[in-house]
Amino acid sequence: MIHLRRASPLHAARAAVGSTWCVTVAIVALSFEHPVVLAALLGIVLLAAAAAQVGRRVALMTLIAFPFALVIALVNGLVVREGLTVLARLGEVPPFGQVDVTAEALAYGAVLGLRALVVVACFALHSAAVDPDALLRAFRRLGFRSALTAALATRLVPVLGRDARRLHDAQRCRAGEPAPRRAVVRAVATGALDRAVDVAATLEVRGYGAGRKPPRVRQPWSRHDLAFAASAVGLVAIAVLAPVSFDAYPAFAAPVDAGVLGTCAALALCALLPFADRRGIVP
């Protein structure tokens, strides 16, 4: 998935707010286990993607993730032995022991797979609608040198590992008792310090570290920023206060009552309402 520039309220919101909204929807999905609520959340994400004009991409990613959801359901049915309704007795399967496939385990596996689909759809929407460059710029003051530090650490750790292996092989070629392990660690640490000094001198010559942090640019919040931020807060509040009951074991119980239907309606209204305001959207 790549970012797609579209004329939609989610694209018009600042990257940090759009990212927070998408992550909040995924967290809300992780907080529910009722299949009707999860199905409603999946529909909400797909409708939000359609409103953001990236519906085809998000639907394609969700379809690609569907086989993984099936695998989750099957694995849960084979691994979990809880549940009253036994569908199949597979006998003794080493190293799992007696394997009994229950309807409750398969049903709860399907719930886990559905939840995974919702999370995949949320992050597919995040990838398609949130500008990654703008998101990095939003945090550039917090991580001014973090990218360089991470790159150097990633590059030097394999080098140190190779140094340790070469020193160990060299010791094995010598006669007599091998040197203790702490001697190898001391030699590798000494080489790491020497290499760090050399890298620091090279970076100083090239001008790294001489720059200053970029100036803070204060941008006023637009109505799209406020709408999606309020939507994220509302989604969290609904998830905390939702009167939804669900039991997977020993008997699968997912009642569809007024509380469940009201939660689905509240989630849909809170999540999709920011997409209704298209004023100021430049196509």
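The values are calculated or read from the model by the stated rules, or taken from the named source; none is laboratory data. All values reported here derive from a predicted model rather than from experimental measurement. Heads up, the Cβs are rebuilt from the backbone with ideal geometry, glycines too, and the neighbour counts pull from every protein chain shown.
Could you list, in sequence order, all residues of the range 119-133 that are touching a His at 6+ places or on another chain (Cβ under 9 Å), in a helix (DSSP H, G or I) and crowded, with 23+ Cβ neighbours inside 10 Å? So that I can check it myself, show each step before the final result.
Initially, the range 119-133 is screened for residues touching a His at 6+ places or on another chain (Cβ under 9 Å), giving 127-133.
Of the ones still in play, those that are also in a helix (DSSP H, G or I) are 127-129, 132-133.
Correct list: ALA128, ALA129.
Pick from ARG56, ARG81: which is outside any helix (DSSP H, G or I) and either of a type outside the set (A, V, I, L, M, F, W, C) or modelled with pLDDT under 90 (or both)? If you could, list the steps in order and put the result at the bottom.
On the way: ARG56 fails: outside any helix (DSSP H, G or I).
The conditions single out ARG81.
Can you name the number of the only condition in (1) touching a residue at least 12 places away in the same chain (Cβ under 8 Å); (2) of a type in the set (A, V, I, L, M, F, W, C); (3) surrounded by fewer than 18 Cβ atoms within 10 Å (Cβ to Cβ) that ALA50 fails?
(1)
Modelled with pLDDT under 75 and not polar (S, T, N, Q), is that true of ALA232? Spell out how you get there, then give the answer.
Numbers: modelled with pLDDT under 75: no; not polar (S, T, N, Q): yes.
So ALA232 does not fit the description; no.
Confirm whether ALA239 is touching a Phe, Trp or Tyr at 6+ places or on another chain (Cβ under 9 Å) and crowded, with 16+ Cβ neighbours inside 10 Å. Outline the logic, then answer.
Values: touching a Phe, Trp or Tyr at 6+ places or on another chain (Cβ under 9 Å): yes; crowded, with 16+ Cβ neighbours inside 10 Å: yes.
Yes: the conditions hold for ALA239.
If I ask for residues that are among the hydroxyl-bearing types (Ser, Thr, Tyr) and at pLDDT below 90, which ones from the range 59-78 would you list? I'd like the intermediate steps shown before the answer.
Residues of the range 59-78 that are among the hydroxyl-bearing types (Ser, Thr, Tyr), as a first pass: 62.
None; the set is empty.
Within the bounds of the range 58-72, is there any residue that is under 24 Å from GLY234 (Cα atoms) and among the hydrophobic types (A, V, I, L, M, F, W, C)? Please lay out each step first, then the result.
Start the filter on the range 58-72 by keeping residues that are under 24 Å from GLY234 (Cα atoms), which leaves 58.
Subset that is among the hydrophobic types (A, V, I, L, M, F, W, C): 58.
Yes, the range 58-72 contains a residue that is under 24 Å from GLY234 (Cα atoms) and among the hydrophobic types (A, V, I, L, M, F, W, C).
Return a yes/no flag: does the range 247-258 have any residue that is assigned to a helix (DSSP H, G or I) and either at pLDDT 90 or above or aromatic (Phe, Trp, Tyr) (or both). Give the steps one after another, and end with the answer.
So in the range 247-258, the residues assigned to a helix (DSSP H, G or I) come out as 258.
Next, only the ones that are either at pLDDT 90 or above or aromatic (Phe, Trp, Tyr) (or both) stay: 258.
Yes, the range 247-258 contains a residue that is assigned to a helix (DSSP H, G or I) and either at pLDDT 90 or above or aromatic (Phe, Trp, Tyr) (or both).
Between residues in the range 160-179 that are exposed (fewer than 10 other Cβ atoms within 10 Å of the Cβ) and residues that are in a loop (DSSP other than H, G, I, E, B) and at pLDDT below 75, which pairs lie under 9 Å by C-beta distance while being six or more apart or on different chains?
ARG172/PRO178
With at negative phi, touching a Leu at 6+ places or on another chain (Cβ under 8 Å) and surrounded by 13 or more Cβ atoms within 10 Å (Cβ to Cβ) as the only criterion, which of GLY43, GLY77 stands out? Break it down into steps so the answer makes sense when it comes.
Details: GLY43 fails: touching a Leu at 6+ places or on another chain (Cβ under 8 Å).
The conditions single out GLY77.
Count, please, the residues in the range 157-175 that happen to be modelled with pLDDT under 70 and either farther than 22 Å from ALA189 by Cα or touching a Lys or Arg at 6+ places or on another chain (Cβ under 7 Å) (or both). Quick ask: steps written out before the conclusion?
Step one: filter the range 157-175 for residues modelled with pLDDT under 70, giving 157.
Keeping just the survivors that are either farther than 22 Å from ALA189 by Cα or touching a Lys or Arg at 6+ places or on another chain (Cβ under 7 Å) (or both) gives none.
Matching residues across the range 157-175 total 0.
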